[in-house]
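To start, the structure under review is shown below, and the notes come after it.
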Amino acid sequence: SGFLFLYKLAVEFPSEDIFLVTASPVIKAITNFKQVSKTLEEFDVEEQPSSVLEKRYPNIKVIQSGVKQLKSDEHKIFTEDGKEYMYEKLCLCAGAKPKLISEGNPYVLGIRDTDSAQAFQKNLAQSERIVVVGNGGIALELVYEIQGCEVIWAIKDKAIGNTFFDAGAAEFLIPKLTAEKRETPIECKRTKYTTEGSEEKERPIAASDKLGSALGPDWHEGLCLKGTKEFSHKVHIEILCEVKKILLQQEFLQLQRTALTFPKEEKNVEPDEVLWPVYVELTNGKIYGCNFIVSATGVVPNVKPFLDGNNFAIGEDGGLKVDKHMHTSQPDIYAAGDICTASWEPSPVWHQMRLWTQARQMGWYAAKCMAADTLGESIDMDFSFELFAHVTKFFNYKVVVLGKYNAQGLGLDHELMLRCTKGQEYVKVVMQNGRMMGAVLIGETDLEETFENLILNQMDLSAYGEDLLNPDIDIEDYFD
């Protein structure tokens, strides 16, 4: 969100000085942006040296240093390198950091930024088995892309990918996970994710306290995710469980408990003879040994550097509360992206999720709001907050989620309609009182624009009944 925010401000206020304070030598730039429909957008996220920004916009100065303290009453920020800066208006875009299941454990890796993705690749290359904990987008992608390494995947839900899918969509995707043949072999190219000069220095195993910039939507593209074994794909899913304890080899031996081998076709599970560097005890009582653990359990807003001595209103999820003009509770301070919590009365078919698309929209909108406030103009809520809309790729399928796609907040008062062609497409629609409230589209369905319109205009569709999803009826003809 920070980059877009800057870009918009630099154009609106060419004569004002704009400072970007960042601990990272690279910035995330949005490239190949495509507006797919009214609310759906696709783009790539690329790292560029911050000098690119300064060259393009002479009024932007990049200060490469972390923020040590904010004194909102004095309108000042203090940086790690001992300097202080006055501001007229300030926007906090510090993102979020991974919720690690265990802080400071060298065998636990959180994947959040480019450095940790690289550390992960290095570790994987020497691994025979890893445990992945978590059930969001990063966990899904990871488990699908890893080859030549056994993966024990621990999820707290009944079905995989609960942030984006229900059990039906998970069922549709599972065959892709266990298929031995992959459509395209992964090419080992290491293009996107390098911070200048990071190749030469060896990195510590998991520098989780250092904050990097968040990964883009296609973060695993340039990584070669291969373990030591020759097989392509071995994944075992442990459902409805969380990590109870992480045991180092010594602790495990002292406990005199039994660890399990990698389960084969759910036959009797045998005790593991191999000694592993680290062991995971799950809440279902099972213990597995592995080379390392990937913690992909979501993120927490990175608010800590800004709280001390400032009276920010904080949302339930730990973010800085912002109103409909992206204003925090402190005068002249705005926030955008993962660090903030949307605290306005949302549209009935929008909700906040810490995703790249929303960070982009919020950054852009926050800059518009700051500009409008400075010029004393009024501003309308951005259209992108009318409808929740996200497009991504999982398991090589295009995935579009719209509105209340998992019936979020609708209680029991809703019904689902489904259409599924095995291996090809999965379409789910959430209906309430004859109106479409949300949808999940997996595969090349070509329904996103039609459904987007139906959700936005809240037309009564009761008359169509089941025909709404009848593949023989061209639904677009009805609703253009």
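Taking first residues from the range 323-342 that are closer than 15 Å to PRO301 by Cβ and of a type in the set (S, T, N, Q) and partners that are part of a strand (DSSP E or B) and open to solvent by 50 Å² or more (accessible area, probe 1.4 Å), the Cβ contacts under 7 Å between residues at least 6 apart in sequence or on separate chains come to THR328/LYS321; SER329/LYS321; THR341/LYS321. Is one or more of the residues making up the range 4-26 open to solvent by 80 Å² or more (accessible area, probe 1.4 Å) and of a type in the set (A, V, I, L, M)? Looking through the range 4-26, at least one residue is open to solvent by 80 Å² or more (accessible area, probe 1.4 Å) and of a type in the set (A, V, I, L, M). Filtering the range 333-378 to residues that are within 20 Å of VAL11 (Cα to Cα) and open to solvent by 40 Å² or more (accessible area, probe 1.4 Å) leaves TRP364, LYS368, ASP373, THR374, LEU375, GLY376, GLU377, SER378. Total residues in the range 365-398 satisfying the condition of being assigned to a helix (DSSP H, G or I) and of a type outside the set (Asp, Glu): the figure is 13.
Being in contact (Cβ under 8 Å) with a residue 12 or more places away in the chain, aromatic (Phe, Trp, Tyr), surrounded by fewer than 19 Cβ atoms within 10 Å (Cβ to Cβ) and out of contact with any strand residue (DSSP E or B) (no Cβ under 6 Å at 6 or more places or on another chain): is that true of PHE383 here? In short, yes. Are any of the residues in the range 458-467 part of a strand (DSSP E or B), more than 19 Å from LYS34 (Cα to Cα) and not assigned by the TED database to the domain that holds SER347? No, the range 458-467 contains no residue that is part of a strand (DSSP E or B), more than 19 Å from LYS34 (Cα to Cα) and not assigned by the TED database to the domain that holds SER347.
Residues that are over 17 Å from GLY289 (Cβ atoms) and modelled with pLDDT of 85 or more within the range 106-138 comprise GLY134, ASN135, listed in sequence order.
For first residues located in the range 33-56 and without any contact (Cβ under 8 Å) to a residue 24 or more places away in the chain, partners that are of a type outside the set (A, V, I, L, M) and not in a strand (DSSP E or B) and lie 6+ apart or on another chain with Cβ distances below 7 Å do not occur. Scanning the range 133-150 for residues that are more than 16 Å from the chain's Cα centre (by Cα), crowded, with 24+ Cβ neighbours inside 10 Å and part of a strand (DSSP E or B) yields a count of 0.
For the range 254-305, give me each residue that is loosely packed, with under 14 Cβ neighbours inside 10 Å and part of a strand (DSSP E or B). Of everything in the range 254-305, just one residue is loosely packed, with under 14 Cβ neighbours inside 10 Å and part of a strand (DSSP E or B), namely PRO271. For the condition over 29 Å from the mean Cα position of the chain (by Cα) and either assigned by the TED database to the domain that holds ALA159 or surrounded by 15 or more Cβ atoms within 10 Å (Cβ to Cβ) (or both), GLU238 does not qualify.
Here the condition is being open to solvent by less than 10 Å² (accessible area, probe 1.4 Å), out of contact with any Pro (no Cβ under 9 Å at 6 or more places or on another chain), not polar (S, T, N, Q) and not in a helix (DSSP H, G or I); of LEU402, LEU416, LEU410, it holds for LEU402 alone.
The values are calculated or read from the model by the stated rules, or taken from the named source; none is laboratory data. Owing to the predicted nature of the structure, the values given are computational and were not obtained by experimental measurement. Counting neighbours? That spans all protein chains shown, and the Cβs are built from the backbone with ideal geometry, glycine included. Accessible surface areas use protein heavy atoms only, side chains included; no ligands, DNA or RNA. Shrake-Rupley method; radii C 1.70, N 1.55, O 1.52, S 1.80 Å.
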